[in-house]
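Worksheet for the structure shown next.
The values are calculated or read from the model by the stated rules, or taken from the named source; none is laboratory data. What you are looking at is a predicted structure, and each value in this text was computed from that prediction instead of being measured. Cβ placement follows ideal geometry from the backbone for every residue including glycine, while neighbour counts extend to all protein chains displayed.
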Amino acid sequence: MPILMQGNAAIAEGALRAGVSFYAGYPITPSSEVAEIMARRLPGQGGIYLQMEDELASMAAIIGASLAGARSLTATSGPGFSLMQENLGMAVMAEVPCVIVNVQRSGPSTGLATRPGQGDIMQARWGRHGDAPIIALCPSSVQDCFDQTVRAFILAEKFRCPVVLMPDQVVAHLSEGLELPGEVTRSERSRPTCSPAEYQPFAAPPGEIPPLAEYGSPYVFHVTSSMHDETGFSRSDPETARKKNLHLHRKLHDRVEDIAEVRYYGPDRPGVLVVAYGITARAARAAVQGDEDAGVLELATLWPLHERRLAEVAGSARLVLVPEMNLGQMVHEMRRIVRHCPVHGLHRADGEPIEPEEIARAIRDSGGEAR
Amino acid sequence: MNGETQVLLGGAGGQGLVLSGVLLAQAALARGYHVAQSQQYGIASRGGFSGAGVVISREPVLYPLVTEPSAVVCLSAEALDRYCRGLAPHVPVVYDCGLGKTPATGRGRPLPILQEARTRGLPESANVMALGALARYLPAVDVDSLAMAVQARFGGQWRQANLLALRAGWELEDCHEYD
């Protein structure tokens, strides 16, 4: 029997089942329920809840807690996500596993605090200086909020990197039936097996993830946000920088098939392919229901993009349509990946979700290309 | 969408219409339906507009927001303005008759909900009373399934108050004679 639960509550529940032991945050609409539930539940389970002075400190705190061995989490929305970017970059550079929930609201700036948006897609990928690749997931239902939160903790540990979960406000504040599994697969951190004297916190064969010791353990190690070699100490020569940057990039992009989840709904060879994510993916699925020529490709993972799979599904299309609650973000990626047919955007940035009828109309209005 | 019941419940922030939506969704879920309950509110914690949408279906709900309402509840004039545009003539609009306004479209069902809640000493439970009245128009739920949702949600004095309000609303709609 499913239980009625809100998206934000499902994220909190997923995090608790996944073994989260540390939360630091600064509550902000429309993500505050995550903080509220963590404040109520974590201390009773031996975990720590810290209400921070701002989002810069929140991000710093979850990095420190993770290095001390905790599974750590924060939740925020647009304005707070902007403030987290600098330390998010540090988590990338220092290869610190952590999970950040960014409930997307309508912007820019403080914008419309209670209304949905999907305007943080490019910020999630490029919001930090330097290349700084990360993993970003995007749930489209309450069940998905739970499942993808569990997965976020697994990916964070497996790839030693921050993972951002990016529900839009509609999904985060939606209540639906949720099937809670008896138990969930928990993330396992890879620990060093060498002696403390031999431990190098950033040493691993190419393509592999170095084991991470805990602060407070016999493994004493140095972490810096500046360029560093395998020992963790700063080095500024070009070869060290080249190796480190390539490692950060390749550990995610060479393993994209293990990370990126792409969901396709529709006929085998769609003439019209709608590429969407979050609440917009559900509008798209409703829009093409019963259409034998149109399919929906849902990006359950936003970054890294599974480019090969996207090109493959789009191969038969005469038109690719990308509806999103912004003035054009993911559509540019689709234009880069899909070259053989037109890629149209359908954009809305007024704080209102895109309805199925708008997508259905865009397919009809595309006329010759679509039919 | 086909075979779906879609309900809008609107009022002023603090009246509890989002909670009414949650109770409705809970009752329908318990009866084996697929449900999706959404909410719409402003930045003020009290006052201003606040509303909920509930989609109830035998099939998994693809798009979870209300696009074609099959029933509407309004406890504020602003809710009447927002939610009663372009409704089909048969769509019932359960609304408070003291708002000084009538729905522009749909089939109006004016009821003295706010006054009745005050008279019975249950002013905080007008939202649940409205839900009881609405239930007359929703085949997916009845007063008993809603009562179970109320019991699961509330303890102490609020459980009793809301159970009274729920049944009062159900009877209010039953006894009321429309012009």
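One residue alone among A:Leu297, A:Leu327 is touching a residue at least 12 places away in the same chain (Cβ under 8 Å) and either touching a helix residue (DSSP H, G or I) at 6+ places or on another chain (Cβ under 7 Å) or assigned to a strand (DSSP E or B) (or both), and that residue is A:Leu297.
Looking only at residues in the range A:172-199 that are over 27 Å from the mean Cα position of the chain (by Cα) and of a type in the set (A, V, I, L, M, F, W, C), the one that is farthest from the other protein chains (Cβ to nearest Cβ) is A:Ala197. Selection within the range B:86-107: residues that are hydroxyl-bearing (Ser, Thr, Tyr) and under 20 Å from B:Leu172 (Cβ atoms). The member of this set that is farthest from the chain's Cα centre (by Cα) is B:Thr102.
All told, A:Glu307 falls short of being on the phi < 0 side of the Ramachandran plot, crowded, with 21+ Cβ neighbours inside 10 Å and acidic (Asp, Glu).
Screening B:Tyr137 with (1) within 16 Å of B:Val73 (Cα to Cα); (2) touching a Gly at 6+ places or on another chain (Cβ under 8 Å) gives one miss only, at (2). Annotation for the range B:104-125: at least one member residue is assigned to a loop (DSSP other than H, G, I, E, B), more than 14 Å from chain A (Cβ to nearest Cβ) and free of Cβ contacts under 8 Å to residues at least 24 places away in the same chain.
Filtering the range A:263-284 down to residues that are in a strand (DSSP E or B) and either without any contact (Cβ under 8 Å) to a residue 12 or more places away in the chain or over 16 Å from the mean Cα position of the chain (by Cα) (or both), which residue is nearest to the other protein chains (Cβ to nearest Cβ)?
Quick first cut of the range A:263-284, residues in a strand (DSSP E or B) only: A:263-265, A:272-276.
Now narrow it down to the ones that are either without any contact (Cβ under 8 Å) to a residue 12 or more places away in the chain or over 16 Å from the mean Cα position of the chain (by Cα) (or both): A:264-265, A:272-275.
Values: A:Tyr264: 15, A:Tyr265: 10, A:Val272: 17, A:Leu273: 17, A:Val274: 13, A:Val275: 17 Å.
Of everything passing the filter in the range A:263-284, A:Tyr265 is nearest to the other protein chains (Cβ to nearest Cβ).
Among the helices (runs of 4 or more DSSP H) confined wholly to the range A:1-105, which include 3 or more residues that are closer than 23 Å to A:Thr185 by Cβ?
Details: elements: A:7-17, A:32-41, A:55-67, A:78-93.
In the range A:1-105, the matching helices (runs of 4 or more DSSP H) lie at A:7-17, A:32-41, A:55-67.
Selection of first residues in the range A:10-21 that are surrounded by fewer than 20 Cβ atoms within 10 Å (Cβ to Cβ) and of second residues that are modelled with pLDDT under 95, restricted to Cβ pairs under 7 Å at least 6 apart or on distinct chains, gives the following pairs, ordered by first then second residue: A:Arg17/A:Val184; A:Gly19/A:Arg186. Tell me, which residue of the range A:139-148 that is closer than 18 Å to B:Val35 by Cα and assigned to a helix (DSSP H, G or I) is nearest to the other protein chains (Cβ to nearest Cβ)? Of everything passing the filter in the range A:139-148, A:Val142 is nearest to the other protein chains (Cβ to nearest Cβ).
Yes/no per residue for (1) over 9 Å from the mean Cα position of the chain (by Cα); (2) over 21 Å from A:Gln289 (Cβ atoms); (3) within 8 Å of another protein chain (Cβ to nearest Cβ):
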site	(1), (2), (3)
B:Gly3	yes, no, no
B:Gln6	yes, no, no
B:Ala12	yes, yes, no
B:Leu24	no, yes, no
B:Ala27	yes, yes, no
B:Tyr33	yes, no, no
B:Ile43	yes, yes, yes
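Pairs are defined by a Cβ separation below 8 Å, a sequence spacing of at least 6 or placement on different chains, a first member in the range A:105-120 that is farther than 11 Å from B:Tyr41 by Cα, and a second member that is modelled with pLDDT of 95 or more and of a type in the set (Val, Ile, Thr); the pairs so defined are A:Arg105/A:Thr29; A:Pro116/A:Val170; A:Pro116/A:Ile279; A:Gln118/A:Thr280. Please tell me if A:Ala124 is crowded, with 20+ Cβ neighbours inside 10 Å and on the phi > 0 side of the Ramachandran plot. Criteria not met by A:Ala124. If you go through the range A:227-245 one residue at a time, do you hit one that is in contact with a Leu (Cβ under 8 Å, 6 or more places away or on another chain) and either at pLDDT 95 or above or not assigned by TED's automatic domain parsing to the domain that holds A:Ala283 (or both)? Checked against the condition, which is being in contact with a Leu (Cβ under 8 Å, 6 or more places away or on another chain) and either at pLDDT 95 or above or not assigned by TED's automatic domain parsing to the domain that holds A:Ala283 (or both), the range A:227-245 yields no hits at all. Please tell me if A:Gln85 is polar (S, T, N, Q) and either at pLDDT 95 or above or surrounded by 21 or more Cβ atoms within 10 Å (Cβ to Cβ) (or both). Judged against the criteria, A:Gln85 is a match. Per this entry, A:Tyr219 is counted among residues that are aromatic (Phe, Trp, Tyr), surrounded by 13 or more Cβ atoms within 10 Å (Cβ to Cβ), outside the structural domain of A:Cys161 (by TED's automatic domain parsing) and free of Cβ contacts under 8 Å to residues at least 40 places away in the same chain. Looking only at residues in the range A:299-308 that are closer than 26 Å to A:Asn102 by Cα and not hydrophobic (A, V, I, L, M, F, W, C), which one is nearest to the chain's Cα centre (by Cα)? Among residues in the range A:299-308 that are closer than 26 Å to A:Asn102 by Cα and not hydrophobic (A, V, I, L, M, F, W, C), the one nearest to the chain's Cα centre (by Cα) is A:Thr301. Only one of the listed residues (B:Glu59, B:Glu78) is in contact with a strand residue (DSSP E or B) (Cβ under 9 Å, 6 or more places away or on another chain), within 14 Å of another protein chain (Cβ to nearest Cβ) and of a type outside the set (Lys, Arg). That residue is B:Glu59.
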